[in-house]
1. Can you tell which of B:98, B:37, B:111 lies farthest toward the positive end of the dipole of the stretch B:3-262, using +1 and -1 charges on the Cβ of basic and acidic side chains (Lys, Arg; Asp, Glu)?
2. When only DSSP loop residues count, what GluC sites (Glu not before Pro) in the stretch A:99-152 have their Cβ near at most 11 other Cβ atoms within 10 Å?
3. Roughly how many debye, to the nearest 20, is the charge dipole of the stretch B:34-174 about its Cα centre, given +1 on each Lys and Arg Cβ, -1 on each Asp and Glu Cβ, and no other charges?
4. Going by average Cβ neighbours within 10 Å, how do the peptides A:254-266, B:7-19, B:78-90 rank, with the highest at the top?
5. Say each of residue A:232 and residue A:197 gets a label point 7 Å from the Cα, pointing the same way as Cα to Cβ; how far apart are those two points in nm?
6. Quick one: which residues, 5+ away or cross-chain, put their amide H under 5 Å from the amide H of residue A:206? H built at 1.01 Å from N.
7. Tell me which residues come under 5 Å, amide H to amide H, from residue A:80 once H is placed; ignore anything under 5 positions away on its chain.
8. As I understand it, the dipole of the stretch A:1-146 uses +1 on the Cβ of Lys and Arg and -1 on the Cβ of Asp and Glu, about the Cα centre. Which of A:46, A:10, A:141 lies farthest toward its positive end?
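Read-outs: derived from the displayed coordinates by stated rules, not from any lab. The structure presented is a predicted model; accordingly, all values stated were derived computationally and were not measured. Note: ideal-geometry Cβ built from the backbone for every residue, glycine included; neighbour counts use all protein chains shown.
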Amino acid sequence: MSVIEVTNLTKYYGKSRGIVDVSFSEEEGEIFGFIGPNGAGKTTTIRLLLSLIHPTSGSAKVFGKDVTTHGPEIRRDIGYLPSDVFYYEGMKVVDLLKYSASFYGKDCTQRMHELSEIMELEMNRRISDLSYGNKKKVGIVQGLLHSPKLLFLDEPTAGLDPLMQRKVFDLFRAENARGVTIFFSSHILGEVQRLCTRVGIIREGKIVEISNIRTLQQNNYKKVNVTASGLDPATFEMPGVTNIQAENGTLHFFFKGDINAMLKKLSSLKLSDVTIEEPTLEEIFMHYYE
Amino acid sequence: MSANIYIHEFRTRLKSVIIWSLSLTFLLVFYFSLFPVFADQAALMNEFLARYPQQLRAAFGMDNMDMSTVLGFYSFIFLFVQLCLAIQASNYGFGLVSIEESELTADFLLSKPVSRAQVLTSKLLAALTSLTITNLVVWVSSFAAISLFRGEHEYEPGTLILLLLSIVIFQLFFLSVGLVISLLVKRVRSVTPYALGLGFGAYVLSAFSGIFKDVKLELITPFKHIDPAYIVLHGAYDTPLVLLNAAVTLVALAVSYWLYIRRDIPAVS
């Protein structure tokens with residue numbers, strides 16, 4: 001069953017673009033990575049799905065229900081962690097969490113304490129006294145305490161130290177293992193690579209690619225590094241080779257095509273070193289941005 | 001209505017309600033304690049006032065007031081009570097949804113499983129409760145001040161009750177007009193200037209309308225819709241104007257719901 005189904009969703013803020021003609025779907029239990037640079041429309045998409053803003057055209061369904069007409073019902077099973085967290089400054093952490101829990105009509109106390117323990121959250125401090133990272137922790141607990149079926153994470157690890165980031169990732173994986181569907185928006189590709197099964201790449205408001213993270217890495221480019229004395233970049237001018245860069249007697253380039261042709265070419269040369277590797281998502285990503 | 005939002009909203013405004021209520025009590029009791037002096041020197045006082053240009057007296061709404069009677073004097077103070085109530089109610093109206101947006105907590109609230117209409121209704125009822133507390137405090141301190149300082153002077157309690165009953169209509173006007181303006185402008189960065197502007201603006205319009213008798217400014221300012229001097233003089237409301245006031249309130253509320261349900265909540269920028 002598709003948990004999220006977005007069809008030709010478009011949002012303009014007056015004349016300025018939010019997103020244009022975005023379509024994708026996410027299956028139950030999936031972790032879908034949504035990658036793009038700042039201002040590409042990641043947050044706009046999430047806000048549309050939460051009906052914080054209303055679409056200019058197109059439609060979006062969550063749990064099979066239209067977001068504009070069934071908002072409150074849908075949001076009962078959604079957890080949302082915004083990229084920038086802001087809470088009522090005068091409140092204590094524990095009061096905010098209780099207020100948050102009071103919307104779901106069930107007892108969330110136990111889960112709330114479990115999560116706060118994992119996140120090492122000090123429950124009796126005032127929100128206004130918290131650092132950015134600590135507010136983020138409040139956000140994570142607040143987003144998870146009612147055991148949602150779908151999680152929207154908008155750059156969830158920004159502001160957290162590496163140790164905490166790992167804890168948070170473990171937490172998300174554990175949630176996912178329980179069957180929670182996760183929509184993960186980020187511009188940090190390493191994160192997405194670690195967590196997601198499928199990714200959508202958004203750029204200037206449009207989806208440029210949706211694919212399996214493996215196929216994205218495999219069926220695409222190989223990154224080739226060749227070291228030899230007196231190498232001429234022109235040697236590698238053959239179909240499928242792009243981005244040739246020379247550096248200290250080493251050539252780096254991307255190759256897409258018949259790998260045998262490349263091997264034949266390489267074996268004809270006298271090399272001191274060669275590596276052929278899968279490009280990181282980062283590098284694939286940069287390719288989409290060119 | 002969501003009880004949790006209602007309670008949360010009410011709590012955040014509690015301190016403000018207490019401060020407004022205490023200030024109004026102080027204002028009423030302090031000024032009314034001067035009444036015996038005015039009443040004893042009634043002839044002198046009225047003669048003194050008569051020397052001011054008629055326009056100036058009109059600007060302060062004093063042209064129809066007899067400062068030597070209990071209600072005449074009270075209606076003069078009541079004008080300032082109205083001004084305070086106007087600023088308080090506008091303040092709550094402007095801040096009702098805009099504070100959540102400027103402090104960016106709207107995302108938290110509206111990503112919860114509640115509809116926009118529920119949110120707005122809960123917030124409105126919470127604000128109304130806060131205003132009603134202030135309202136009740138004004139009732140109590142008015143009766144207290146009058147019975148403490150009126151001495152031998154008699155007054156018509158029915159007219160006083162009529163004056164005090166007008167408060168809720170007055171508050172609702174500023175609450176809902178403040179709210180609708182806050183939803184019509186793109187973003188309210190700070191609530192206080194707007195609230196002071198609306199409260200004082202309406203008051204100044206009413207003062208002008210006193211000076212230029214032929215200008216129909218009374219149609220747009222609640223200080224004229226519910227004019228304490230008129231109520232004391234006639235022992236009744238100016239019914240068409242009160243109805244006009246209530247109509248504006250209802251339209252403002254309806255438009256507010258319409259706008260808020262369709263509103264795009266601004267993101268962090």
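1. Result: B:111, furthest along the dipole toward the positive end.
2. On the way: sites: A:114, A:117, A:120, A:122; in loops: A:120, A:122.
For GluC sites (Glu not before Pro) across the stretch A:99-152 that sit outside H, G, I, E and B with at most 11 neighbouring Cβ atoms in 10 Å, the list reads A:120.
3. Working: 6 positive and 11 negative charges, 66 e Å.
Charge dipole, the stretch B:34-174, about its Cα centre: 320 debye, nearest 20.
4. B:78-90, B:7-19, A:254-266
5. If labels sit at residue A:232 and residue A:197, their model points lie 5.1 nm apart.
6. Excluding prolines and chain starts, which carry no amide H, the hits are A:20.
7. A:152
8. So the residue we want is A:10.
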